[in-house]
Every structure is written in structure tokens, then in C-alpha cells.
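Chemist: Have a look at the structure that comes next, please.
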Amino acid sequence: MPTPTRPAQPRKRAHLGLMSLRINAGLSRADLALRAGVGRETLRLAEAGYLPGPRVQYAIAHALGCTPLDLWPIEMQHRPRLAA
């Protein structure tokens, strides 16, 4: 009997813009996390493509000298709702 498979989930895409700004600023992940006041794991997830909450978005953007919508445009802010 074949093994049932899970439906394919869209793969997260790395946030290259965030990574580029961090590298251009000469900061490691640990340095940026410290400046922004967030955890290194939180920053790693944001760079991996996960959408952080508004406060974390602001903290990271402020530490890099830009606005949250520069890094996470409004199109990225939409989270699909689960069907009830």
C-alpha cells in the first residue's frame, strides 16, 4: 500500500533584501539582533522568509535605518486566512 503524502506547501524564500542591508551595514546576525533588541533566532527566521510581527519589523528596520515597509512591503503583510 502506498504511503499517503502531504500536500505540497509553498517553500519560504529567503529575504535577500534584509540580508543585503545587514551585510552592507557590516553587521553579523548577532550584531543586528543586539542593535534591534530581538533574538538571533528571530532574525534568522526573518532572513529565512518568515514574516515577523509589526514590533519586530519596526525594530529591525530602525536598526538598519529604514522603514518596515521598505523591508516588508504591504503585499507581504497579507496572511491568508484558513477556511472555516
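The values are calculated or read from the model by the stated rules, or taken from the named source; none is laboratory data. Keep in mind the model is a prediction, meaning the values are calculated, not measured. Quick reminder, even Gly has a Cβ in these numbers, built from the backbone with ideal geometry, and neighbours come from all protein chains shown.
Chemist: For the stretch 22-50, what are the residues that are touching a Lys or Arg at 6+ places or on another chain (Cβ under 7 Å), among the hydrophobic types (A, V, I, L, M, F, W, C) and under 19 Å from residue 12 (Cα atoms)?
Modeler: Hits for the stretch 22-50 are 43, 48.
Chemist: Which of the residues spanning the stretch 47-77 are more than 19 Å from residue 30 (Cβ to Cβ) and of a type in the set (Ser, Thr, Tyr)?
Modeler: Result: 58, 67.
Chemist: Out of the residues in the stretch 57-75 meeting the condition of being touching a Leu at 6+ places or on another chain (Cβ under 9 Å) and assigned to a helix (DSSP H, G or I), tell me which one is nearest to residue 21 (Cα to Cα).
Modeler: Here is the first cut: in the stretch 57-75, the ones touching a Leu at 6+ places or on another chain (Cβ under 9 Å) are 57, 60-61, 63-66, 70-72.
Filter once more, so that each one left must be assigned to a helix (DSSP H, G or I): 57, 60-61, 63-64, 70-71.
Details: 57: 14, 60: 11, 61: 10, 63: 10, 64: 7, 70: 11, 71: 9 Å.
The residue in question is 64.
One line per residue, one yes/no per condition, for (1) at pLDDT 95 or above; (2) over 12 Å from the mean Cα position of the chain (by Cα); (3) surrounded by fewer than 18 Cβ atoms within 10 Å (Cβ to Cβ):
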| residue | (1), (2), (3) |
| --- | --- |
| 21 | yes, yes, no |
| 24 | yes, yes, yes |
| 29 | yes, yes, yes |
| 34 | yes, yes, yes |
| 37 | yes, yes, yes |
| 44 | yes, no, yes |
| 60 | yes, no, no |
| 64 | yes, yes, no |
| 73 | no, no, yes |
